[in-house]
Amino acid sequence: MSDLPQLLLIAGVLLLSVASPGPNFALVTSTSMGISRRAGILTGLGFSLASGTWALLAIGGVNFLMSHAPAVHTAIRLAGGAYLLWLGLKMIATARQPIRNESARQSSGASSLGKAFVVSMTNPKSIGFYGSIFSVMVPSAAPLWFDAAVVLLALSISALWYCSLALLFSHRLARSVYGKLKVFVETAMGIFLVGMSGRVLFGR
């Protein structure tokens, strides 16, 4: 049971990671509004597959790094904390900026899923998150069930968030509602991320 608090913490950080604004958000919302609800949901599932892939890659390398290179662990922890601090401060600073979505290219079916997967796998934010913060937060001696739960969390949280966005933004009136709440939501998430950076930087 002692692993459950860490698992819940990882779940919270995963949610904040996928919920932060970026190219994934722009793609899923613009696809949902510009093409169809179905294409938006498939885009969300593509992001989910990428999250699960990144989680699996991070877990596959974390045990080796933690066991054989303590200095690398420290470097990753510092880099992760700095990245988290930067992300939180940036989110606070840009909370008042309007939402910007790029025009979705006409695509459907598996092409929407594949495009989302490629975008997420090549997103510097994903590389930074799963290569630093995420790796540090997964215990090096975690049992197999814990690793499996982390991958499942990465898949499910990403799928729930992005597919929910697809459902929401397939209704055009939802954009104005989100615009009214954007400052509060993004400022609150930014403050939480700044607080999390302190835990990562000064934690054990």
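Please treat every number below as a calculation from the coordinates, not as lab data. All values derive from a computational prediction rather than experimental measurement. Heads up, the Cβs are rebuilt from the backbone with ideal geometry, glycines too, and the neighbour counts pull from every protein chain shown.
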Pull out the extension gain between residue 36 and residue 82, defined as 0.36 nm times the separation in residues minus the alpha carbon to alpha carbon distance; nm, one decimal.
-> 12.7 nm
Amide N proximity, segment 151-169 versus residue 118 label position 7 Å along Cα-to-Cβ, cut-off under 12 Å = none
How much length, in nm to one decimal, is gained on full extension between residue 144 and residue 160, taken as 0.36 nm per residue of separation minus their Cα-Cα distance?
-> 3.4 nm
PRE zone check, label point 7 Å out along Cα-to-Cβ of residue 202, amide N under 16 Å, scope segment 1-21, hits none
On full extension of the chain, what length is gained from residue 171 through residue 74, given 0.36 nm per residue of separation minus the C-alpha to C-alpha distance?
-> 30.3 nm
